[in-house]
Amino acid sequence: MHSRLLSVLPLLIAAARADDAKLPHPELLPTTRKIHELVAKETAPAADAMKPFSEKVPKAADATFDLVAVPGGEFTIGSPAGEAKRGEDEGPQKKLKIEPFWMGKLEVTWDLYQPFMDNQKARNKDGTLNRDNNLTTSEPPEQKDGESLVDVVTQPTPPHLPMHFGMGEGYSKQYPAVGVTAHAASKFCEWLSAQTGHFYRLPTEAEWEYACRAGTTTAYNFGDDPAKLDDFGWSVANSEYQYQKVGAKKPNAWGLYDMHGNVAELCLDQYLPDAYTKAADGATNPWVPVTKRYPTVYRGGSWNDDPDKLRSAARGKTEPALKMIDPQVPKSVWYFTNASWLGFRVIRPLKTPSVEEMHRYWNMDGDSE
Amino acid sequence: MKPSALDRRTFLGVTGATVAAAGFPSILKGEEAAASKQLKIGLIGCGGRGTGAASQALSADPNVKLWAMGDAFAPAITNSLNNLKNFSAKVEVPEERRFAGLDAFQKVIESGVDVVLLASPPGFRPQHLRAAIEAGKHVFAEKPMAVDVAGVKSVLESAKLAKQKNISIQHGFCWRFAPGVREAYGKITSGELGRVCSLYGTYFGTPPKPLQPGMKRPDKMGEVEWQIAWWNNFEWLSGGPLLEQAIHTVDKIAWAMNDVAPIAAIANGGRAMRTDDGNVYDHYNIAFEYPGGVICHMGERQFPGLYAEVVDRVYCEKGTVICPDNPMVLGPDGKKRQWMYRPQPGAEQNMYQVCHNEFFASLRKGEIINKGEYMANSTMLAILGREAAHTGLRVTWEDLWKADQDLAPDGLQFKDTFPIAPVPVPGKYKLA
């Protein structure tokens, strides 16, 4: 994968190959290594033998979630210049190649996320286990008696307030997990991987749009007419100002639900307004790694957005104001206290990445605001 | 319901309006023009919330300076300073104005500051408030104001003293500054929705900094030092989860009832899930009895991994107010939405910031905000609920004020022996 990434950010990636210590959070590398060993035990199927499957999550009381097989292929990212309500940052369109992956059929729901968030362990602010009475210092990720590999994955400190913001029916499997930072979502993926033996991560922006379009080139994956959105998505026009049960609308052609609306979905990439200008035509799996905490990309629009923000090509970006009402300084790296409309979806790439790549995917918080 | 004969103050014998506003001028009046003086700020309690309060104070006014900092633990000061770097020249706290230890508050107060921010664990609040007011400093105080009856009484005296000295006391009951919640509660307190018939408020969450089961004090640490490091888990420092956290819901009950005095409370509570060495309950259910046959009911719990919500439901004659997230008014049928607060996109306001903006704006105008009495009363209301649960008795507001409960002496030192008080057992536990 390194060679392909070169097309996006050559300097950064070359440096990472040269020196592991330049990886983000090198102190957490032993945990990544152990998870990598676990994942490598299973042989991946051939691309044409990928099947949808259901994953069981032991640490979430054996809750399950369904994954859809997304075949590899080519597509055109961005929107044509003539698309109504198009943003400047949606072009120029580029042709890209995407390798196969499985993607969550639904947005990640609270029954999966709450056990990760309410992990019932004393944790430092950075999510490592607290062994020294001081919440501001981190301790090495060692497994001690009674602790599993899953426990030593860095995990959120408890939320200040219930993070469903009074929407829906509390933390429920019917509703998407929201108010989660990209860092927290990535750590959730690590937590999932450590207990399932399958590598999970957030989708890149390119993977997300490829999956959303499911072969279409129109403004939405059901055509160009926003009037039909009622059948496929939740926006401010029909959501009653709150998130809705996942999977209640029609799926796209590949069987993915709520790609338009309900909650916007976090992606792996740093947001660059000119990302597509910089992307090489024909690149495979492009990705802009995060080096700064803001802005990063989210996609799909939400219950709180006008319908045009739900278009397949529409791009959103995170900003510090998403943590506005966090009462503490430094503000928690785990919560977007002002983003009751922002959730995420996980993917499992067919090809297992190297330890270093895996580590980079899961340690995406950037070191500056 | 208007504050009249039912006003709590008449029960307390603290007649704020008649206290002579004599004596000391405000530090912002007189020869120094209020609008131009640089205000020096002292931060007492440099944890995450204290640092948050400092950043809000520094953002609230162009001509302020963070001048001194104090915390029980020295590293907290360094961390806090590090996190306030963005304010550059507004932060001027050299080594000699960084004070560590349990007497740090006094040194901050004496360091030449005009305003202090009190953000230490609540058990210390009455002592810190008293020292600040006596020294003539304007105060922002985080909630709650105290953890016991003696503390509340001390806070009331300090509030009275502040009135005499023209000193401001601003509070951290933050929801009273949230624009949407203010609008919603305004519909209750103005009488627009008719009489309050009943209320059900919840604060169902998770323990914020849980002491782990089996976790013991390290040999090197003093008893008091260890308890302060884990202050949320000890009654004498935090007041328990009802005081420390769910007091927001308690305060909104007081607000919905127009800050009138309650009659009594009956309650249950206990430790259903906790097995650690601390002594705080993890759940309470309380019925506050108010004049006019109004029962305000609230549930508090810190149960990890389970159902969670923080919702106030205020049932009024002409509609039900739902707060604090997405403030709205439902019709008398309990379903149809009559009103909902929608901030303009990009115009959301941070309630913590609004609090400090109003505080500093009033100081600049030479106006005195003194919310000390109601801050004390809202704290006392939480103690009423807690003590009803701990004793298993119906505790009246009047009797509570006669109690002399004091959970810890002032002046404890890190190395002192201070055994953890037993978890209260209803029927055995007595309200002192």
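The values are calculated or read from the model by the stated rules, or taken from the named source; none is laboratory data. Bear in mind the structure is a predicted one, so any value in this text is a computation, not a measurement. Note: ideal-geometry Cβ built from the backbone for every residue, glycine included; neighbour counts use all protein chains shown.
In the range A:230-256, the residues that are more than 20 Å from residue A:209 (Cα to Cα) reach residues that are part of a loop (DSSP other than H, G, I, E, B) and of a type in the set (A, V, I, L, M) with C-beta atoms within less than 6 angstrom, at least six apart or across chains, in these pairs: A:242/A:167; A:243/A:167; A:243/A:263. Residue B:211 fulfils the conditions (1) more than 15 Å from residue B:376 (Cα to Cα); (2) at pLDDT 95 or above; (3) within 14 Å of chain A (Cβ to nearest Cβ); (4) in contact with a Gly (Cβ under 9 Å, 6 or more places away or on another chain) except for a single criterion, (2).
Residues in the range B:322-335 that are farther than 18 Å from residue B:174 by Cβ and touching a strand residue (DSSP E or B) at 6+ places or on another chain (Cβ under 8 Å): B:322, B:328, B:329, B:330, B:331, B:332, B:334.
For beta carbons closer than 6 Å, sequence separation of 6+ or different chains, a first residue in the range A:162-182 that is within 10 Å of another protein chain (Cβ to nearest Cβ) and a second that is of a type in the set (Asp, Glu) and surrounded by fewer than 19 Cβ atoms within 10 Å (Cβ to Cβ), the qualifying pairs are A:162/B:309; A:170/B:309.
Screening A:64, A:32 for residues that are touching a Lys or Arg at 6+ places or on another chain (Cβ under 7 Å), among the hydroxyl-bearing types (Ser, Thr, Tyr) and more than 30 Å from residue A:219 (Cα to Cα) leaves exactly one candidate, A:64. In the range A:218-235, of all residues being surrounded by 20 or more Cβ atoms within 10 Å (Cβ to Cβ) and of a type in the set (Gly, Ala, Ser), the one that is farthest from residue A:258 (Cα to Cα) corresponds to A:219. Being within 12 Å of chain A (Cβ to nearest Cβ), in contact with a Phe, Trp or Tyr (Cβ under 6 Å, 6 or more places away or on another chain) and over 23 Å from residue B:291 (Cβ atoms) holds for only one residue in B:246, B:229, and it is B:246.
Flag: residue A:86 does not match the condition of being assigned to a helix (DSSP H, G or I) and farther than 21 Å from residue A:332 by Cα. Filter the range B:285-306 down to the residues that are assigned to a strand (DSSP E or B) and within 14 Å of chain A (Cβ to nearest Cβ), then identify the one that is surrounded by the fewest Cβ atoms within 10 Å (Cβ to Cβ). Within the range B:285-306, the match that is surrounded by the fewest Cβ atoms within 10 Å (Cβ to Cβ) is B:299.
Of all positions in the range A:49-57, at least one carries a residue that is at pLDDT 65 or above, basic (Lys, Arg) and under 30 Å from residue A:251 (Cα atoms). Restricting B:310, B:329, B:321 to residues that are under 25 Å from the mean Cα position of the chain (by Cα) and more than 8 Å from every other protein chain (Cβ to nearest Cβ) narrows the list to B:321. Of the residues making up the range A:104-126, those that are at pLDDT 95 or above and either of a type in the set (Gly, Ala, Ser) or assigned to a loop (DSSP other than H, G, I, E, B) (or both) are A:104, A:105, A:106, A:107, A:108.
The number of residues in the range B:81-97 that are more than 8 Å from chain A (Cβ to nearest Cβ) and part of a helix (DSSP H, G or I) comes to 11.
Go through the residues of the range A:37-53 one by one and say whether even a single one is outside any helix (DSSP H, G or I), within 14 Å of chain B (Cβ to nearest Cβ) and within 23 Å of residue A:191 (Cβ to Cβ). Among the residues of the range A:37-53, not one is outside any helix (DSSP H, G or I), within 14 Å of chain B (Cβ to nearest Cβ) and within 23 Å of residue A:191 (Cβ to Cβ), which makes the answer no.
Those strands (runs of 3 or more DSSP E) of the range B:130-206 in which at least 2 residues are touching a residue at least 60 places away in the same chain (Cβ under 8 Å), buried (at least 24 other Cβ atoms within 10 Å of the Cβ) and among the small types (Gly, Ala, Ser), considering only elements entirely within it, cover B:196-205.
Kindly indicate the residue of the range A:180-217 that is in a helix (DSSP H, G or I) and touching a helix residue (DSSP H, G or I) at 6+ places or on another chain (Cβ under 6 Å) and also surrounded by the fewest Cβ atoms within 10 Å (Cβ to Cβ) among those meeting that condition. Within the range A:180-217, the match that is surrounded by the fewest Cβ atoms within 10 Å (Cβ to Cβ) is A:195.
Within the range A:183-206, the set of residues being in contact with an Asp or Glu (Cβ under 8 Å, 6 or more places away or on another chain), among the polar types (S, T, N, Q) and closer than 15 Å to residue A:58 by Cβ comprises A:196 only.
Pairing residues of the range A:133-154 that are within 10 Å of chain B (Cβ to nearest Cβ) with residues that are surrounded by fewer than 15 Cβ atoms within 10 Å (Cβ to Cβ) and assigned to a helix (DSSP H, G or I), at Cβ distances under 8 Å and at least 6 apart in sequence or on separate chains, gives A:134/B:75; A:136/B:75. Mind checking which residues of the range A:334-369 are within 14 Å of another protein chain (Cβ to nearest Cβ) and surrounded by fewer than 20 Cβ atoms within 10 Å (Cβ to Cβ)? Correct list: A:338, A:367, A:368, A:369. Checked against (1) within 11 Å of another protein chain (Cβ to nearest Cβ); (2) out of contact with any strand residue (DSSP E or B) (no Cβ under 8 Å at 6 or more places or on another chain), residue B:223 meets all criteria but (1). Take residue A:176 and decide whether it is over 26 Å from residue B:212 (Cα atoms), crowded, with 20+ Cβ neighbours inside 10 Å and not aromatic (Phe, Trp, Tyr). For residue A:176, the condition - over 26 Å from residue B:212 (Cα atoms), crowded, with 20+ Cβ neighbours inside 10 Å and not aromatic (Phe, Trp, Tyr) - is met. Mind counting the residues in the range A:36-71 that are surrounded by 12 or more Cβ atoms within 10 Å (Cβ to Cβ), charged (D, E, K, R) and touching a Pro at 6+ places or on another chain (Cβ under 8 Å)? Of the residues in the range A:36-71, 2 are surrounded by 12 or more Cβ atoms within 10 Å (Cβ to Cβ), charged (D, E, K, R) and touching a Pro at 6+ places or on another chain (Cβ under 8 Å).
Summed over the range B:36-60, the residues that are more than 14 Å from every other protein chain (Cβ to nearest Cβ) and either under 17 Å from the mean Cα position of the chain (by Cα) or surrounded by 24 or more Cβ atoms within 10 Å (Cβ to Cβ) (or both) give a count of 3.
When the range A:77-120 is filtered for residues that are hydrophobic (A, V, I, L, M, F, W, C) and within 14 Å of another protein chain (Cβ to nearest Cβ), the ones remaining, listed by number, are A:110, A:112, A:116, A:117. Taking the criterion of being touching a Leu at 6+ places or on another chain (Cβ under 7 Å) and not in a loop (DSSP other than H, G, I, E, B), the only residue of the range A:152-179 that qualifies is A:152. Filtered by the rule that a residue be touching a Lys or Arg at 6+ places or on another chain (Cβ under 6 Å) and away from chain B (no Cβ under 13 Å), the range A:298-333 gives A:301, A:308, A:312.
Looking only at the range B:61-79, filter to residues that are assigned to a loop (DSSP other than H, G, I, E, B) and more than 25 Å from residue A:134 (Cα to Cα); which one of those is nearest to the other protein chains (Cβ to nearest Cβ)? Applying the filter and picking the extreme gives B:61. State which residue is farthest from residue B:196 (Cα to Cα) when the search covers only the range B:249-275 and only residues that are in contact with a Gly (Cβ under 9 Å, 6 or more places away or on another chain) and within 14 Å of chain A (Cβ to nearest Cβ). This residue is B:275.
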